[in-house]
Amino acid sequence: MKPSNQYPDPDHLFQQVCHNSATDEEMEQAEHLLQRMEQRMGKQIDQWEKDERLTERRSISVTLKWVAGVAASLLLILSVSLVANHQYKQKQYAQLQMPKDTYDNPEDAAAEAQWALVKFSEAINKAIE
């Protein structure tokens, strides 16, 4: 016998089955109803498992994005500090390479420069003669 297209009240049907007062048709309906419930529950469980796997992937993806963001931030900070440090060291090196004044008084510096030019001129004159 095929179960009818019209489903009876499940509560009434299961009461009849539990009290052993169900007819063969009611037993078939109950069996068919149980099979449908099992299929629906199986589909629901499969959907829950699929959702759980998707959620796990999303959480891993979010975690990886967070870690990548932190790593990129640290790399950016490190790069900026290295560039700033390099520029600072270049500035210090340039300051060390600049000649320093040896005279505090400009007249003394001019007299020393004139003396050096006279010596240079004398050396050139000797070389020419």
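The values are calculated or read from the model by the stated rules, or taken from the named source; none is laboratory data. This is a predicted model, so every value here is computed, not measured. Ideal geometry is used to build each Cβ from the backbone, glycine not excepted, and the neighbour counts take in all protein chains shown. Ligands, DNA and RNA are excluded from the accessible area calculation, which covers all protein heavy atoms including side chains. Shrake-Rupley method; radii C 1.70, N 1.55, O 1.52, S 1.80 Å.
Let's see if you can work this out: charge +1 on each Lys and Arg Cβ, -1 on each Asp and Glu Cβ, no other charges. What is the dipole magnitude of the chain about its Cα centre, in debye to the nearest 20? Could you put the intermediate results ahead of the total?
Values: 14 positive and 20 negative charges, 131 e Å.
Its charge dipole is roughly 640 debye.
Per residue of the chain, what 222 nm ellipticity follows from adding -39500 (n - 2.57) for every DSSP H run with n ≥ 4, rounded to the nearest 500? Let's see the in-between values first.
Values: 3 runs with 106 residues, N = 129.
Estimated from H runs of four or more residues: -30000 deg cm²/dmol.
Please report the carbon-and-sulfur percent of the accessible area for the chain; probe 1.4 Å, protein heavy atoms only, DNA, RNA and ligands left out.
59
Enumerate the calculated ³J(HN,Hα) couplings along segment 61-76 in order (Karplus 6.51 cos²θ - 1.76 cosθ + 1.60, θ = phi - 60°), each rounded to whole Hz, writing x wherever the residue is Gly or Pro.
Going residue by residue, I get 4, 5, 4, 5, 5, 5, 4, 5, x, 5, 4, 5, 5, 5, 5, 5 Hz, with x marking Gly and Pro.
Between [x] 48.5, 145; [y] 15.3, 47; [z] 14.6, 47, which entry matches Rg and Dmax of the Cα atoms in Å as derived from the coordinates of this structure?
[x]
When the chain is treated as a GNM, springs tying every alpha-carbon pair under 10 Å, which of GLN95, GLN114, GLN39 comes out with the largest mean-square fluctuation?
Evaluated over the chain, the most mobile residue of the options is GLN114.
Rolling a 1.4 Å sphere over the protein heavy atoms, what is the accessible area per residue of the chain, to the nearest Å²?
93
Tell me which trypsin sites (Lys or Arg not before Pro) from segment 89-129 have a DSSP coil assignment and no more than 16 other beta carbons within 10 Å of their own.
LYS100
From the backbone phi of segment 18-28, what are the Karplus-calculated ³J(HN,Hα) couplings (6.51 cos²θ - 1.76 cosθ + 1.60, θ = phi - 60°) in whole Hz, Gly and Pro given as x?
With the stated coefficients, segment 18-28 comes to 5, 8, 6, 10, 7, 7, 4, 5, 5, 5, 5 Hz.
Short version: ³J(HN,Hα) in whole Hz for each residue of segment 38-51, in order, from phi by Karplus 6.51 cos²θ - 1.76 cosθ + 1.60 (θ = phi - 60°), x for Gly and Pro, what are they?
5, 4, 5, 5, x, 4, 5, 5, 4, 5, 4, 5, 4, 4
Within segment 65-129, report the chymotrypsin sites (Phe, Trp or Tyr not before Pro) that DSSP leaves as loop and that have at most 15 other Cβ atoms within 10 Å.
TYR103
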